[in-house]
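Before any comments, here is the structure.
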Amino acid sequence: MSAVPLTDRGRRTRDALISAARGVFEVRGYDATRMGDIAEAAGVSHGTVYTWFSTKDAVLMAVIESLVGDLYASLGTPDETDPVARVDLANRRYLDAYRANARLLEVVEQAATSDDSFRAVLADLRRTHVERVAATLRHLQSDGLARDDLDAHAAAAALCAMVEGFARHWFGRGESHDEDVAVDTLTRLWAGSLGLETTAPTRRN
């Protein structure tokens, strides 16, 4: 449980704790982080942390609110009419959001091994991703732009799993890789598997 601030000062204090906690979680990981570490990073007393958050789990849940917002925003439908350009932009948005939050996602996955609430957060993100892609694929199929011999939901689940797994290995643990190569590769694989055709240019090495 976490307390809701009723004053500007309270909001500033809580926001500062959340910001400090994110840094601590990203450096120490979920298991090694203690409430005292968060207090020290924020420059406040232990009692101040407990004023706003009853447990470490409550702090982490508050921290991942911004992560969830970033990832949900990245799943929005791009304003593109060309299907491959649309896929390309969607992949780029997702990878941008994943890279910005890669370490924190690792922490949430660590917490999810022992806490159903964090498993639910990850499951909801994946479910939303799959549902949005499936809806887009059904539209493409009805317009005759994508192959119609695939189950839209199953295809969406497979493609989303590919992107998420790719992002985890490509951007995980603070490693830096060429995002243009990543986006181009994913987009070619999506277009090829769905039978999409376009005149939009693609990046070639």
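The values are calculated or read from the model by the stated rules, or taken from the named source; none is laboratory data. Source: prediction; values computed, not measured. Every residue, glycine as well, gets a Cβ built from its backbone with ideal geometry; the counts of neighbours run over all protein chains shown.
Among the residues of the stretch 148-168, the one identified as over 19 Å from Y94 (Cβ atoms) and part of a helix (DSSP H, G or I) is A154.
Looking only at the stretch 114-132, decide whether some residue is buried (at least 19 other Cβ atoms within 10 Å of the Cβ) and among the polar types (S, T, N, Q). No, every residue in the stretch 114-132 fails to be buried (at least 19 other Cβ atoms within 10 Å of the Cβ) and among the polar types (S, T, N, Q). Identify all residues within the stretch 162-190 that are out of contact with any Ser or Thr (no Cβ under 9 Å at 6 or more places or on another chain) and without any contact (Cβ under 8 Å) to a residue 24 or more places away in the chain; write none if there are none. G165, H169, E175, S176, H177, D178, D180, T185 - these are the residues of the stretch 162-190 that are out of contact with any Ser or Thr (no Cβ under 9 Å at 6 or more places or on another chain) and without any contact (Cβ under 8 Å) to a residue 24 or more places away in the chain.
For the stretch 5-111, the helices (runs of 4 or more DSSP H) that sit wholly inside it and include 3 or more residues that are β-branched (V, I, T) are 8-32, 46-52, 56-74. The listed residues are L150, L145, and the only one of them that is closer than 28 Å to A191 by Cβ and touching a residue at least 60 places away in the same chain (Cβ under 8 Å) turns out to be L145. Residue pairs whose Cβ atoms lie under 8 Å apart, sitting 6 or more positions apart in sequence or on different chains, and linking a residue in the stretch 83-103 that is farther than 13 Å from T136 by Cβ to a partner that is in a helix (DSSP H, G or I) and of a type in the set (K, R), are Y98/R168; A102/R168; A102/R173; R103/R173.
One line per residue, one yes/no per condition, for (1) of a type in the set (A, V, I, L, M, F, W, C); (2) part of a helix (DSSP H, G or I); (3) in the same structural domain as T81 (by TED's automatic domain parsing):
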{"position": "S117", "(1), (2), (3)": "no, yes, yes"}
{"position": "A120", "(1), (2), (3)": "yes, yes, yes"}
{"position": "D124", "(1), (2), (3)": "no, yes, yes"}
{"position": "T128", "(1), (2), (3)": "no, yes, yes"}
{"position": "A146", "(1), (2), (3)": "yes, no, yes"}
{"position": "W170", "(1), (2), (3)": "yes, yes, yes"}
{"position": "W190", "(1), (2), (3)": "yes, yes, yes"}
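Filtering the stretch 19-55 to residues that are under 21 Å from Q110 (Cα atoms) and buried (at least 20 other Cβ atoms within 10 Å of the Cβ) leaves A20, A21, R22, V24, F25, Y30, T33, I38, F53. Would it be correct to say that H139 is without any contact (Cβ under 8 Å) to a residue 40 or more places away in the chain and either assigned to a helix (DSSP H, G or I) or within 24 Å of E179 (Cα to Cα) (or both)? It is true that H139 is without any contact (Cβ under 8 Å) to a residue 40 or more places away in the chain and either assigned to a helix (DSSP H, G or I) or within 24 Å of E179 (Cα to Cα) (or both).
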